[in-house]
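Accompanying notes for the structure given below.
Every read-out reported here was derived from the displayed coordinates using simple, explicitly stated rules and does not represent laboratory data. What you are looking at is a predicted structure, and each value in this text was computed from that prediction instead of being measured. Neighbour counts are summed over all protein chains in view; Cβ atoms, including those assigned to glycine, are modelled from backbone coordinates with ideal geometry.
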Amino acid sequence: MAVLGGGAAGFFGAIACAEANPHVRVLLLEKTGKLLSKVRVSGGGRCNVTHACETAAQLVAHYPRGSKQLKSAFQRFGVADTIAWFARRGVALKTEADGRIFPTTDSSETIARALEEAARRAGVQVLTNTSADDIQPLPTGGFRLRMSGAGAAALGPTLHAHQVLIATGGNPKSANYDWLRQLGHRIAEPVPSLFTFNVPESPLQELMGVSVPHARVVLAGEKLQYEGPLLVTHWGVSGPAVLKLSAWGARRLSELGYVGTALINWIPAHTEETLRPWLQQFRQENGKKTVASNPQFGLPQRLWRNLTEQAGIAPDTRWSDLPAKAQNRLLELLLRSPLAVRGKTTYKEEFVTCGGVVLDEVDLKTMESRRVPGLYFAGEVLDIDGITGGFNFQAAWTTGFLAGQAMAAAHEKEDAINFDAKVR
């Protein structure tokens with residue numbers, strides 16, 4: 001059996017197969033020199049392993065693509081199974097206040113080493129700088145892989161495999177899926193997901209590093225909006241509110257060329273109907289206080305001062321002297337600060353792709369292709385992607401595990417048939 005891709009899904013699939021059927025020779029092939037690269041950089045080097053969701057129904061609500069199809073898969077291998085899997089291998093995990101789950105060591109190396117050690121113990125042969133440049137299904141079953149790279153010296157130019165698990169991850173370039181199209185699979189056109197907004201003319205540029213724990217981001221003229229923490233960066237805005245909106249709106253934002261107006265509600269607990277009387281009462285009770293130096297709603301001082309400046313309020317203006325026009329402008333900025341989005345930036349090194357192998361051509365119980373027997377898929381090569389918070393890793397663990405188990409079972413069944421034929 002050959003596994004293509006040395007990431008989270010590939011390792012999980014290889015381990016699951018080798019542990020379920022020790023008689024299977026499992027080869028894991030990674031075309032680069034780095035294994036588990038996304039595991040190592042995710043979560044700022046901490047690795048957000050999964051997210052605290054008690055049921056599959058709760059879990060699937062966080063997947064813009066694949067939510068309906070994944071429910072039964074998560075019922076078979078979900079968050080609790082992931083936690084238990086790592087616990088059995090000596091890795092303790094912890095749940096943070098926002099539901100994200102990390103290793104207690106706060107180090108992604110803990111997760112990477114656990115996966116590499118589990119693969120070693122299970123007898124998985126791992127080869128880096130090794131690529132399968134061509135995959136051909138054989139009339140008698142199985143596949144012929146044309147090899148290149150360092151591993152070709154050990155394996156030879158051609159490798160025959162009973163089954164192949166494709167776990168090569170997502171890719172933003174459509175042409176990089178042509179080899180899967182040649183195998184007969186349709187591809188949902190790939191576009192980026194989980195990205196931040198570039199705002200080159202941002203009125204907030206001087207506020208780099210300022211964050212708000214709860215804001216609402218709305219894309220003007222669209223039905224796209226999301227709430228959550230928001231971070232001002234030197235290139236625009238980031239944080240979970242922006243990242244989640246980018247995931248749910250990945251295809252629409254691509255169609256728009258990543259150009260539009262983001263409206264920021266800094267105080268989503270308020271509407272215009274509630275905010276206007278609140279401001280009227282506040283200025284009556286605090287008329288002698290200066291507007292700019294007394295931030296409200298728990299907003300950071302630097303942000304509040306910036307908003308008052310945008311509203312045209314002088315630094316020494318008191319609430320009692322605040323003109324109605326300036327107050328209306330401040331109200332508008334608190335509820336709908338406009339930011340001219342002109343592009344996107346990948347979030348750190350954690351790129352995620354919306355698109356990939358269409359799911360109706362894959363049996364989600366086994367992750368086997370409905371078009372090519374013996375061909376399996378796992379991870380982001382499928383048209384599955386989640387929002388930030390550990391959901392993409394959970395999809396990788398689940399699809400990898402189900403694929404590995406199914407491949408082991410299929411190999412065992414094949415051995416039984418061959419044995420029976422010999423006996424007869």
Only one of the values (i) 23.1; (ii) 21.5; (iii) 20.1 was calculated from this structure for mean projected area of the Cα convex hull in nm²; name its label.
-> (i)
Magnitude of the Cβ-charge dipole (Lys and Arg +1, Asp and Glu -1) of the range 251-331 about the Cα centre, nearest 20 debye, reported as 100
Between Arg144 and Arg121, Cβ-based FRET efficiency (R0 30 Å, step 0.05) works out to 0.50
For the chain, the charge dipole (Cβ of Lys, Arg +1; Cβ of Asp, Glu -1; about the Cα centre) points to a positive end, and the Cα of Val26, Leu159, Leu335 closest to that extreme belongs to Leu335
Based on DSSP H runs of at least 4 residues, each adding -39500 (n - 2.57), what is the mean residue ellipticity at 222 nm of the chain after dividing by all its residues, to the nearest 500 deg cm²/dmol?
-> -11500 deg cm²/dmol
Gain in span if fully extended, Glu54 to Glu309, counting 0.36 nm per residue against the direct Cα distance = 87.2 nm
Lys/Arg Cβ at +1, Asp/Glu Cβ at -1, dipole of the range 221-273 taken about the Cα centre: which of Leu224, Val237, Ser254 is farthest positive-ward?
-> Ser254
Sort Cys17, Cys53, Cys47 so the one with the fewest other Cβ atoms within 10 Å of its own Cβ comes first.
-> Cys53, Cys47, Cys17
Value in Å of the Kirkwood radius, where the range 112-231 supplies the Cα pairs that are averaged | 19.5
For Lys325, which lysines qualify as cross-link partners when the Cα separation must be under 29 Å and same-chain residues fewer than eight apart are set aside?
-> Lys288, Lys289
At what distance in nm do the modelled label points of Arg371 and Gln281 sit from each other, each positioned 7 Å from its Cα along Cα→Cβ?
-> 6.2
Treating the beta-carbon of each Lys and Arg as +1 and of each Asp and Glu as -1, no other charges, what is the dipole magnitude of the range 195-346 about its Cα centre, to the nearest 20 debye?
-> 100
Nearest 20 debye, what's the magnitude of the dipole of the chain about its Cα centre given +1 on Lys and Arg Cβ and -1 on Asp and Glu Cβ?
-> 140
Please give the length that would be gained between Ala269 and Gln75 if that part of the chain were fully extended, namely 0.36 nm times their separation in residues minus their C-alpha to C-alpha distance (nm, one decimal).
-> 66.3 nm
Work out how much length Thr158 to Thr105 would gain on full extension: take 0.36 nm times their residue separation and subtract the Cα-Cα distance, in nm to one decimal.
-> 14.9 nm
Could you tell me which of rounded, prolate or oblate describes the range 205-280, using a ≥ b ≥ c as the square roots of the eigenvalues of the alpha-carbon gyration tensor, with rounded for a/c under 1.5 and, failing that, prolate when a/b is larger than b/c and oblate otherwise?
-> oblate
Can you put Leu155, Leu70 in order, fewest other beta carbons within 10 Å first?
-> Leu155, Leu70
Evaluated at 25 °C with a viscosity of 0.890 mPa s, what Stokes-Einstein diffusion coefficient in µm²/s does the range 195-346 have when Rh comes from the Kirkwood expression over alpha-carbon pairs?
-> 154
Mind checking the range 280-331 for trypsin sites (Lys or Arg not before Pro) that DSSP puts in a loop (not H, G, I, E or B) and that have at most 10 other Cβ atoms within 10 Å?
-> Lys288
If the cut-off is 20 Å between C-alpha atoms, which aspartates and glutamates fall inside it for Lys94, apart from same-chain ones fewer than 8 positions away?
-> Glu54, Asp81, Asp106, Glu109
Sort out for me the Cα centre separation of the range 266-293 from the range 7-32, rounded to whole Å.
-> 60
Counting only C-alpha contacts under 8 Å and six or more residues apart, can you give the relative contact order of the chain as a whole percent?
-> 24
Separation between Cα centres of the range 196-253 and the range 150-195, rounded to whole Å | 33
Among Ile187, Thr140, Ala80, the residue whose Cα sits farthest towards the positive end of the charge dipole of the range 69-197 (+1 at Cβ of Lys and Arg, -1 at Cβ of Asp and Glu, taken about the Cα centre) is Thr140
